[in-house]
Amino acid sequence: MLVSAKEMLDKAREGKYAVGQFNINNLEWTKAILLTAQECNSPVILGVSEGAGKYMTGFKTVAAMVKAMDESLGITVPVALHLDHGSYDGCYKCIKAGFTSIMFDGSHFPIEENIAKTTELVNVAHNLGLSIEAEVGSIGGEEDGVIGKGECADPDECKMIADLGVDFLAAGIGNIHGKYPENWEGLSFETLAAVNEKVGDMPLVLHGGTGIPDDMIKKAISLGVAKINVNTECQLVFQEATREYIEAGKDQQGKGFDPRKLLAPGFEAIKAKVKEKMELFGSVDKA
Ligand code: 13P
């Protein structure tokens, strides 16, 4: 059964481990992540970006697929279906489609508007039993080939947004989506410690989990991070495994690649990557 992410993240925060949010893009990714969570006896969050939602023909299709797959595979570990970096409209679409968790990314709005919209969405989400994540301090990343430095959140703004009743909070601490540049200065633990101090027991979220050294991940968990988002690393291993398969030329005697066989190595690569992350985050056997 799909559940809200609140309970699993409160438990993670308390138990000093983190639950992975792995983004899904298609059926194979979803199946690989669900099976690995079950094998690891770990709670898991399936993240869906607005772009991935569109690609999969809309949030309604995504929710139907994930619910049916969760049931058909006999998954018993807690699984949350979460909108990643949702717009205001995207949040409402996911609520209607049957998601169990949403992220409202109001970080680009002036703080007053972020507060007003977040307050409204907190009420709607909670009335329906969904969990909600908010973001303060934008998480950088690559845009048109330019890699933006991740912003550091203002701890007072974090406190303001946390007090609106969100269930978990993404605070920018120098983290960015995608690969980190050579000259990346690392996570700002000073900012994380200040945010953690202000927001009490609120589980914190670390976006841009790809490429952060293991010791920094562990330190972040010790300072209140209870949810870590990973996408690019899964993409990279999926790409590599698929490329190797194509280069090996195992086509079907002139019939072209069997799509199921073509995607199988990538599927296995994602399973291995997700397992590695669950072990690192400490969520194995925490279901
Ligand atoms: P990466 O692509 O850097 O792993 O980040 C994923 C993420 O934060 C999704 O919200």
With ASP70, ASP84 as the choices, which residue is under 14 Å from the mean Cα position of the chain (by Cα) and among the charged types (D, E, K, R)?
ASP84
If you go through the stretch 247-267 one residue at a time, how many are modelled with pLDDT of 90 or more, surrounded by 10 or more Cβ atoms within 10 Å (Cβ to Cβ) and out of contact with any helix residue (DSSP H, G or I) (no Cβ under 7 Å at 6 or more places or on another chain)?
2
Given the structure, is GLN235 polar (S, T, N, Q) and more than 22 Å from GLY51 (Cα to Cα)?
no
Please count how many residues of the stretch 103-117 are out of contact with any Ser or Thr (no Cβ under 8 Å at 6 or more places or on another chain) and not in a helix (DSSP H, G or I).
3
Is one or more of the residues making up the stretch 85-93 surrounded by 24 or more Cβ atoms within 10 Å (Cβ to Cβ) and within 18 Å of LEU204 (Cα to Cα)?
yes
Residue in the stretch 102-114 that is loosely packed, with under 15 Cβ neighbours inside 10 Å and within 18 Å of SER4 (Cβ to Cβ) present:
no
Would you check if GLY266 is in contact (Cβ under 8 Å) with a residue 60 or more places away in the chain and of a type outside the set (Lys, Arg)?
yes
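This table checks each residue for (1) in contact with a Pro (Cβ under 9 Å, 6 or more places away or on another chain); (2) more than 22 Å from LYS11 (Cα to Cα); (3) buried (at least 18 other Cβ atoms within 10 Å of the Cβ); (4) modelled with pLDDT under 95.
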site	(1), (2), (3), (4)
ALA153	no, yes, yes, yes
MET160	no, yes, no, yes
ASP163	no, no, no, no
VAL166	no, no, yes, no
LEU169	yes, no, yes, no
GLU182	no, yes, no, yes
ILE217	no, no, yes, no
ALA226	yes, no, yes, no
VAL230	no, no, yes, no
Within the group GLY47, GLY58, which residue is surrounded by fewer than 24 Cβ atoms within 10 Å (Cβ to Cβ), small (Gly, Ala, Ser) and at pLDDT 95 or above?
GLY58
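The values are calculated or read from the model by the stated rules, or taken from the named source; none is laboratory data. These figures come from a predicted structure and were not determined experimentally. Heads up, the Cβs are rebuilt from the backbone with ideal geometry, glycines too, and the neighbour counts pull from every protein chain shown.
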